[in-house]
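The structure appears right after this line, and notes come after that.
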Amino acid sequence: MPSLVPIMLLSVLPLARGIYLGFTDYTLGAEGPHFNFMGNHLYMLSDYQFWESFRIGAAWTLAVTTGEIVLGLGLALLLNAGLPLQGLARVLILVPWAMPPVIKGLVWRLVYHPDAGLLNRALTSLGLTRQPINWLSDFAWALPAVIIVGIWTGLPLTTVVLLGGLQTIPVELKEAAALDGASLWQQFRYVTLPLLIPVLVAISSLQFMWNFNSFGLVYVLTEGGPAGRTRLPMLFAYEEAFRYGNFGYAAALGNVMVMVVGIALLYYVRSQYLSTKG
C-alpha cells in the first residue's frame, strides 16, 4: 500500500483525468468541462495539422529509432572487441545520456548556429559549403538536423544495452563457428545476431515509445518550427493546450498517443514473454 498510494496519486489519477478530459469540450476560462463524447476525436480526423504532426512524428520516431539501433549495434561491437582504452570509451559514451534534455538542446543549438556554429565553420573551412546554413530554420534541413540530435541523445543507452547483450553470448559459439571456417561476417550473421534478437526487440520497442513521446529536446531546439516542420504530436498537443487553451482537444490528442504507445508496449511485453518462454 505505501508504494501504491503515490503511484495512484501521481500516475493513475492524472492519466484517468486526462482520458476523461479528452471526451469533453473543456477550454481555458470555461466554467467546466462538458461531455461531448467523440467530438474531439471526430474533429481530429479532419484536422490537417494533426495528421501532419503525426506524419512528422512517425518519420522522426522511425528515423531516430533506426539510427540508434544501427549505430548502437556498431558501437557495441567495437566496445566488445577488446580494443585499447575500451573501458574509458564505455564511460565517455554515457555522457550524452546523463545530460538533461534542455542542456543537450542548448548545446546543439550552439553547434547549429548559422553564424558562430561549429558545424557551419567546419563545412565552410573544408569548402563543402559557400554560405552558412541555418540548420534549425531551413525547411529542408530542420527535421534532419533534429533527427541527428535525437539519435545522438539515445545512442548511449542503446549501445550499453546491446553491449550487455553481446557479453551474454558464449565465446565458445563464436570459436566453434571460426573452427568450422566461418568468416567474421558469418559469425555475426549466424551466431551473434540470432542470439541478440530478444535484446534488439526490447530496446527497439522502448526507444520507439520514448522517441514518439519526445518533447523537451525538440522544443528547446526548434519549438516545432519552422512553420511546423518539426512539430511532433506531443508539441502539437502542448500548443493546443497551453497556447490556445483547448485542453479537451489536447487531452484527446494525448489519448491517441497513449493508444500508440500502448500498442508498442503490448508488442514489447509479448516479445519479452515469447523470449522468456523460448
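The values are calculated or read from the model by the stated rules, or taken from the named source; none is laboratory data. Just so it is clear, the structure is predicted and the values come from calculations on it, not from any experiment. Here the Cβ is made from the backbone with ideal geometry for all residues, glycine too, and neighbour counts use every protein chain on show.
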Output the number of the condition that residue 189 fails; it satisfies all remaining conditions of (1) part of a helix (DSSP H, G or I); (2) without any contact (Cβ under 8 Å) to a residue 24 or more places away in the chain; (3) within 30 Å of residue 140 (Cα to Cα). (3)
What tally of residues in the range 1-47 results from selecting those that are under 16 Å from residue 252 (Cβ atoms), assigned to a helix (DSSP H, G or I) and hydroxyl-bearing (Ser, Thr, Tyr)? 2
Only one of (1) modelled with pLDDT under 90; (2) exposed (fewer than 14 other Cβ atoms within 10 Å of the Cβ) fails for residue 174. Which number is that? (2)
Pull out all pairs, ordered by first then second residue, where Cβ-Cβ is under 6 Å, the residues are six or more apart or on different chains, the first lies in the range 124-140 and is polar (S, T, N, Q), and the second is modelled with pLDDT of 85 or more. 129/123; 134/114; 137/226
Residues satisfying the stated conditions in the range 80-94, i.e. assigned to a helix (DSSP H, G or I) and under 23 Å from the mean Cα position of the chain (by Cα): 90, 91, 92
Among the residues of the range 213-225, is any of a type in the set (S, T, N, Q) and surrounded by fewer than 21 Cβ atoms within 10 Å (Cβ to Cβ)? yes
Failed item, numbered, when residue 24 is tested on (1) out of contact with any helix residue (DSSP H, G or I) (no Cβ under 6 Å at 6 or more places or on another chain); (2) of a type in the set (Val, Ile, Thr); (3) farther than 27 Å from residue 229 by Cβ: (1)
Pairs under 8 Å by beta carbon, first residue in contact (Cβ under 8 Å) with a residue 12 or more places away in the chain in the range 94-120, partner exposed (fewer than 13 other Cβ atoms within 10 Å of the Cβ) and outside any loop (DSSP other than H, G, I, E, B), six or more apart or different chains? 117/110
Would you check which residues across the range 240-261 are within 20 Å of the chain's Cα centre (by Cα) and over 14 Å from residue 18 (Cβ atoms) and list them? 260
Here is a list: 51, 97. Which entry is assigned to a helix (DSSP H, G or I) and at pLDDT below 85? 97
Please give the number of the condition residue 101 fails out of (1) exposed (fewer than 14 other Cβ atoms within 10 Å of the Cβ); (2) within 30 Å of residue 223 (Cα to Cα). (1)
